[in-house]
Amino acid sequence: MEVSGVAFAYGSNVVLKSVGFSANPGEFVALLGLNGAGKSTILDIMAGLRTADSGSVRIDGRELKQWQARDRARWISHLPQGIRSELPFTVEQIVLMGRYAHADQWFESEEDVQHAVRAMERMQCLAYRHRSYYTLSGGERQRVLLAACLAQEPKVLLFDEPSTYLDVQQQLQCFSTLTKLAEAGALCVAVTHDLNLALAHCTRLLVLHDGHIAADTPVLGAAHDAAWLSLLSPRLRLVETPEGRPWVVYR
Amino acid sequence: MKAPQSSASSFGWISGCAVLFILAAVILPLIGPTGIDMQRVFAKLAPDYGIFVELRITRVLLGLLAGGALALGGGLFQAMLRDSLATPYTLGVSAGAALGAVLVLALDLERILGFPALWLGSMVGAGAVLAMVAGASWRGGHISGVRLLLTGISLNSICSAFILLIYGVVRERRSFSITQWLLGRVDSVSYTALFVFAVAVTLTCAILLRQARAWNLIAIGETWAASRGVDLQRVMLTGYVCGSVLTAGAIALTGPIGFVGLIVPHLVRSRISPDNRLLLPCSFLLGGVMLAACDAIGRVVLAPAELPAGAVMAVIGGPYLVWVVRRRF
């Protein structure tokens, strides 16, 4: 995936001035930045949900705008920030929606159901697959949405704050799953505010600041160069865990 | 907790509703202020034959088709806008159709270019309002649901105001026919009108049902749908066109009977399934049964006077919907 010179403004409010980077299969990128830095906006643009004012996004060498919705969805899955729905859809029905781009028939095939079940197992929501989505707690809902994105079998996963509402165990489970997908050849990009979760699981950190990519560093190098950290808050400091991994502490 | 929807149970629900629909088509023509002797009908003897074939059957068929069209339109708009209040009413489409029809009634036009003027009037009215509402809510390459709803409700009020204005300036005889029409009634129509309407309804239903899975995703959220592979622009545009054809057609023939578009999809959603593959066909079938049944009730309760189907629907359906909402939410 290649992002180059992307600019975007909401009316007169310029959010992205010129964002450019490229990422390859196997990477797990953490997209960091302050509130309102434009993290969700650039993620939407990468998913084809918004059109950039200028600049381009290419996937597999092809301009994103030229992709048909269906083809795009077989490549890219985007997890939005929370979905509220009062409709009595069951968990299983929502997860099966992830199979839309793969199914040609009016009813989902046995194969679609198997994919959905595997995704629900992974996100540990199989136990409540027949419950209505709107009766679930925030964390349970988030796991259902994650499962739907996994059932989509994408090559590129763009997740907007995937660990929101999740308990600690589920946060770890979610990020480990993404790590495994990246190791299996997918490209994962997650917007997150949890720096330690990112340092422990991701391969690369991108910090969005003032409409640009202000820092772009592999996680292994992040320990030696703490400049990226000062972009987020002056009260942060890097230490090293006994295992030799970088760890962020607060002052 | 709900059992998983398998294709077998879906088929069961749809065929159950279809059986009700067919039963209604067979039984309801027999109900009315005067008894019908079927032997006289088969022998083509007056007056039974005339009443049955010319009046009752067309009336029941119109009720079934118009009720189905309005309920399907309601279910569709609720999925499109993710708003349980969205109906052809709240979008102003009904009011636009009504204004067009009232204008035609006020000018005492019979036919325009060979078409029944009332049809043309309401079609043009519905189309114009829909274009205005969609135009006003179009920004940045997509249509915003909130803006659409607010514009729709505003245009609804504007159209209602113009209807009152026209009502005030026309002479008494015409104002009576306008009142009659605005009450919303199912009346006998020609077989030609029924045929044209039936073709339009069948076509739009076929198109909408093909997209039923996409409507499920859109009912959850537009970005949710787009990121799962739904071609949002194309599907939404089809929805607007099909929804307004259904609504305008039904309203042109029956007058503004709106409640069926709100109540039936809600009942189906809470009782059968929110899945549009079931919701849309079941809403169509049950909406038709409901309107035709209300019309049959209206024919007999105050006989020889007739109660408009819209009024019967409101009296029976209103309390039931309140009860359902209280239990479910």
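Please go through the range B:239-282 and give me each residue that is in a helix (DSSP H, G or I), within 14 Å of chain A (Cβ to nearest Cβ) and not charged (D, E, K, R), ordered by number.
Of all residues in the range B:239-282, those in a helix (DSSP H, G or I) come to B:239-254, B:259-271, B:276-282.
Filter once more, so that each one left must be within 14 Å of chain A (Cβ to nearest Cβ): B:265-271, B:276-281.
Those that are in a helix (DSSP H, G or I), within 14 Å of chain A (Cβ to nearest Cβ) and not charged (D, E, K, R): B:P265, B:H266, B:L267, B:V268, B:S270, B:N276, B:L278, B:L279, B:L280, B:P281.
Each row is one residue, and each column tells you yes or no for (1) of a type in the set (D, E); (2) surrounded by fewer than 15 Cβ atoms within 10 Å (Cβ to Cβ).
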site: B:S9; (1), (2): no, yes
site: B:W13; (1), (2): no, no
site: B:L30; (1), (2): no, yes
site: B:I57; (1), (2): no, no
site: B:G74; (1), (2): no, no
site: B:A79; (1), (2): no, no
site: B:L85; (1), (2): no, yes
site: B:A98; (1), (2): no, no
site: B:D108; (1), (2): yes, yes
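Which of the residues that make up the range B:227-238 are crowded, with 24+ Cβ neighbours inside 10 Å and either in contact with a His (Cβ under 6 Å, 6 or more places away or on another chain) or assigned to a helix (DSSP H, G or I) (or both)?
Of all residues in the range B:227-238, those crowded, with 24+ Cβ neighbours inside 10 Å come to B:227-230.
Answer for the range B:227-238, where residues must be crowded, with 24+ Cβ neighbours inside 10 Å and either in contact with a His (Cβ under 6 Å, 6 or more places away or on another chain) or assigned to a helix (DSSP H, G or I) (or both): just B:S227.
Looking at B:A293, is it buried (at least 18 other Cβ atoms within 10 Å of the Cβ) and assigned to a helix (DSSP H, G or I)? If you could, list the steps in order and put the result at the bottom.
Details: buried (at least 18 other Cβ atoms within 10 Å of the Cβ): yes; assigned to a helix (DSSP H, G or I): yes.
Spelling it out, B:A293 is indeed buried (at least 18 other Cβ atoms within 10 Å of the Cβ) and assigned to a helix (DSSP H, G or I).
Please go through the range A:95-110 and pick out each residue that is in a loop (DSSP other than H, G, I, E, B) and surrounded by fewer than 17 Cβ atoms within 10 Å (Cβ to Cβ).
Applying the first criterion (in a loop (DSSP other than H, G, I, E, B)) to the range A:95-110 yields A:98-109.
Answer for the range A:95-110, where residues must be in a loop (DSSP other than H, G, I, E, B) and surrounded by fewer than 17 Cβ atoms within 10 Å (Cβ to Cβ): A:A103, A:D104, A:Q105, A:W106, A:F107, A:S109.
Taking the criterion of being in contact with an Asp or Glu (Cβ under 6 Å, 6 or more places away or on another chain) and under 24 Å from B:L246 (Cβ atoms), would at least one residue in the range B:33-56 satisfy it?
No; the residues of the range B:33-56 include none that is in contact with an Asp or Glu (Cβ under 6 Å, 6 or more places away or on another chain) and under 24 Å from B:L246 (Cβ atoms).
Just one of B:A296, B:A314 is modelled with pLDDT of 90 or more and aliphatic (A, V, I, L, M); which is it?
On the way: B:A314 fails: modelled with pLDDT of 90 or more.
The match here is B:A296.
When B:A225 is evaluated against the numbered criteria (1) within 14 Å of chain A (Cβ to nearest Cβ); (2) more than 18 Å from A:L96 (Cβ to Cβ), which criterion, by number, is the only one it fails?
(2)
Looking only at strands (runs of 3 or more DSSP E) that lie completely in the range A:141-251, which have at least 2 residues being surrounded by 22 or more Cβ atoms within 10 Å (Cβ to Cβ)?
Numbers: elements: A:156-160, A:187-191, A:204-209, A:212-218, A:236-240, A:246-250.
Strands (runs of 3 or more DSSP E) meeting the threshold: A:156-160, A:187-191, A:204-209.
For the range A:132-177, which positions are more than 25 Å from A:E111 (Cα to Cα), of a type in the set (A, V, I, L, M) and in contact (Cβ under 8 Å) with a residue 60 or more places away in the chain?
none
Going by the conditions given, is A:V113 on the phi < 0 side of the Ramachandran plot, assigned to a strand (DSSP E or B) and of a type in the set (A, V, I, L, M, F, W, C)? So that I can check it myself, show each step before the final result.
Values: on the phi < 0 side of the Ramachandran plot: yes; assigned to a strand (DSSP E or B): no; of a type in the set (A, V, I, L, M, F, W, C): yes.
Answer is no for this residue.
Do you know which residues across the range B:171-220 are of a type outside the set (A, V, I, L, M), surrounded by fewer than 16 Cβ atoms within 10 Å (Cβ to Cβ) and within 14 Å of chain A (Cβ to nearest Cβ)?
Selection gives B:R210 alone.
Could you check B:G121 against (1) modelled with pLDDT of 80 or more; (2) closer than 16 Å to B:G243 by Cβ and say which number it fails?
Evaluating B:G121 over (1) modelled with pLDDT of 80 or more; (2) closer than 16 Å to B:G243 by Cβ leaves (2) as the failure.
Residue by residue through the range A:116-140, note down the ones that are part of a helix (DSSP H, G or I) and either under 18 Å from B:N276 (Cα atoms) or polar (S, T, N, Q) (or both).
A:Y133, A:Y134, A:T135
The values are calculated or read from the model by the stated rules, or taken from the named source; none is laboratory data. The structure presented is a predicted model; accordingly, all values stated were derived computationally and were not measured. Ideal geometry is used to build each Cβ from the backbone, glycine not excepted, and the neighbour counts take in all protein chains shown.
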